[in-house]
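A quick write-up on the structure given underneath.
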Amino acid sequence: SAVISQKPSRDICQRGTSLTIQCQVDSQVTMMFWYRQQPGQSLTLIATANQGSEATYESGFVIDKFPISRPNLTFSTLTVSNLSPEDSSIYLCSVEVLGTGTYEQYFGPGTRLTVT
Amino acid sequence: EDQVTQSPEALRLQEGESSSLNCSYTVSGLRGLFWYRQDPGKGPEFLFTLYSAGEEKEKERLKATLTKKESFLHITAPKPEDSATYLCAVQVPQGGSEKLVFGKGTKLTVNP
């Protein structure tokens, strides 16, 4: 398994500003993912962040809006830039690990962002 | 386009009343199917990964099964603490790796 922490757990930001979310894992992992969960909706993948390479973004998400860093095998950051109320959401970090014969994907507790 | 549909959207059970949640999928290439439990205000909690049709996995009162087109999460004699939203996700190929595509979830409420 993997234990994931995220900072901050929640924040209220003004439109036009940016928020950087940190994700820390208790073990080294290759694959890290960032998801968004809008109110009442399920999870949508923003990007995949592998250490040593550029993040891969899903359709509808761009690097200028959601820059990602992955400096080592236990840490990543997601920045949500030029905030608008539509960015109000929960942002979740996730990692994939090899369990007992199967791959398992674990999630952090999430960062609740409110944009005013 | 890869799609995951969960039904029902919401389910109310009495304590001890067994039932099943459904996850049907249409994907280009299934690498695996994941089940999660999510409590309000928390991140999803990993439950199971299934890889092939006919596979079954169990954890306490939960049992997950997989066919070629759908998966079921069976809940036997549920308790109020089983109340949560249950999410299904399919793992599909993406470039040189994989990604998860999630359904919208089934919100389960178990009344005492």
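A compact table of results
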item: Checking residue B:44 against (1) under 27 Å from residue A:56 (Cα atoms); (2) without any contact (Cβ under 8 Å) to a residue 40 or more places away in the chain, the condition it does not meet; result: (2)
item: Residue list for segment A:58-116, filter: within 14 Å of another protein chain (Cβ to nearest Cβ) and acidic (Asp, Glu); result: A:58, A:96, A:104
item: Selection from segment B:9-48 of residues that are more than 14 Å from residue B:87 (Cβ to Cβ) and part of a loop (DSSP other than H, G, I, E, B); result: B:15, B:16, B:17, B:18, B:27, B:28, B:29, B:30, B:31, B:41
item: Top-ranked residue of segment A:1-43 - restricted to ones that are in contact with a Leu (Cβ under 7 Å, 6 or more places away or on another chain) and among the small types (Gly, Ala, Ser), ranked as modelled with the lowest pLDDT; result: A:42
item: Segment A:62-115, subset polar (S, T, N, Q), at pLDDT below 95 and more than 16 Å from the chain's Cα centre (by Cα), residue farthest from residue A:39 (Cα to Cα); result: A:100
item: Residues located in segment A:13-36, provided they are more than 12 Å from chain B (Cβ to nearest Cβ) and not in a strand (DSSP E or B); result: A:14, A:15, A:16, A:17, A:18, A:26, A:27, A:28, A:29
item: Number of the condition not met by residue B:50 [criteria: (1) within 14 Å of chain A (Cβ to nearest Cβ); (2) touching a Cys at 6+ places or on another chain (Cβ under 8 Å); (3) farther than 24 Å from residue A:58 by Cα; (4) not aromatic (Phe, Trp, Tyr)]; result: (2)
item: Conditions (1) closer than 22 Å to residue A:38 by Cβ; (2) without any contact (Cβ under 8 Å) to a residue 24 or more places away in the chain; (3) not aliphatic (A, V, I, L, M): number failed by residue B:23; result: (2)
item: Enumeration of residues in segment B:1-36 that are surrounded by fewer than 17 Cβ atoms within 10 Å (Cβ to Cβ), under 17 Å from residue B:75 (Cα atoms) and more than 15 Å from the chain's Cα centre (by Cα); result: B:12, B:14, B:15, B:16, B:17, B:18
item: Filter result (part of a loop (DSSP other than H, G, I, E, B) and aliphatic (A, V, I, L, M)) within segment A:54-75; result: A:55, A:62, A:63, A:73
item: Whichever residue in segment A:47-60 is of a type in the set (A, V, I, L, M, F, W, C) and over 17 Å from residue B:92 (Cβ atoms) and, among such residues, is surrounded by the most Cβ atoms within 10 Å (Cβ to Cβ); result: A:49
item: Which listed residue is in a strand (DSSP E or B) and in contact (Cβ under 8 Å) with a residue 40 or more places away in the chain, from B:89, B:64, B:77; result: B:89
item: Failed criterion for residue A:44 (all others in (1) in contact (Cβ under 8 Å) with a residue 24 or more places away in the chain; (2) surrounded by 15 or more Cβ atoms within 10 Å (Cβ to Cβ) hold); result: (1)
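Each row is one residue, and each column tells you yes or no for (1) within 12 Å of another protein chain (Cβ to nearest Cβ); (2) modelled with pLDDT under 95; (3) crowded, with 20+ Cβ neighbours inside 10 Å.
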| residue | (1), (2), (3) |
| --- | --- |
| B:61 | no, no, no |
| B:71 | no, no, yes |
| B:82 | no, no, no |
| B:88 | yes, no, yes |
| B:98 | yes, yes, no |
| B:110 | no, no, yes |
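The values are calculated or read from the model by the stated rules, or taken from the named source; none is laboratory data. Here the structure is a predicted model, which is why all the values come from computation and not from measurement. Neighbour counts are summed over all protein chains in view; Cβ atoms, including those assigned to glycine, are modelled from backbone coordinates with ideal geometry.
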